[in-house]
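What follows is one structure encoded as structure tokens, with my remarks underneath.
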Amino acid sequence: MTPMTKGPPATAGANAIHSFTVRCASAESRVRHMRRVTRAKLSRWGLAAVSEAATLVVSELVTNAIRHAGGYSVSLRVEHHKHELLIEVTDEGSMAPVVREAGAEDESGRGLLLVCGVAETWGVSDRGRTKWCTLALPDDSSRGLE
């Protein structure tokens, strides 16, 4: 399991090849929209190879944010860097996420374990509002064609 990092991701502030940001209402029905937007952008950027992992991470992080946002909106930012994809989800909460072991009968509680399993790195901002992760990209994905 990849350990959580406190603070911003290493690529924070670096020039991205591509990026997008989208906000949504704090409603679980919006998770599907966030996945669709992510999948469409990654396809357009030539990053279909990481689309499944990225949409899984987006789904889990956005769902967690919506559940803990206190009714405020949630923001998703995805950045394509030369060797990685950075996914950031921001909400109005200030609690750091907690990875927990879900029981066999539990219907939820595995989201962060899934993020840990597919992410190269992951973490939370110092104030707890932004949860982020990075996914490694195949060597041919830095061409940056749009």
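Read-outs throughout are calculated quantities, based only on the coordinates presented, and are distinct from any laboratory measurement. Source: prediction; values computed, not measured. With ideal geometry, Cβ positions are generated from the backbone for all residues, glycine too; neighbour counts draw on all protein chains shown.
Rounded, prolate or oblate: pick one for the stretch 1-93, where a ≥ b ≥ c are the square roots of the eigenvalues of its C-alpha gyration tensor, a/c under 1.5 means rounded, and failing that, prolate if a/b is larger than b/c, else oblate. Since a/c reaches 1.5 but b/c is at least a/b, the shape of the stretch 1-93 is classed as oblate. Each label was represented as a point 7 Å from its Cα along the Cα-to-Cβ direction; for ALA48 and ARG67 these points are 3.3 nm apart. Using all pairs of distinct alpha-carbon atoms, the Kirkwood hydrodynamic radius of the stretch 1-46 works out to 13.3 angstrom. Annotation: extensible slack from GLU120 through ALA12 equals 37.4 nm (criterion: 0.36 nm per residue apart, minus Cα-Cα distance).
Relative to one another, the C-alpha centroids of the stretch 37-69 and the stretch 7-35 are positioned 8 Å apart. Here the gap between ASP139 and ALA25, fully extended at 0.36 nm per residue and compared with their Cα-Cα distance, gives a gain of 37.5 nm.
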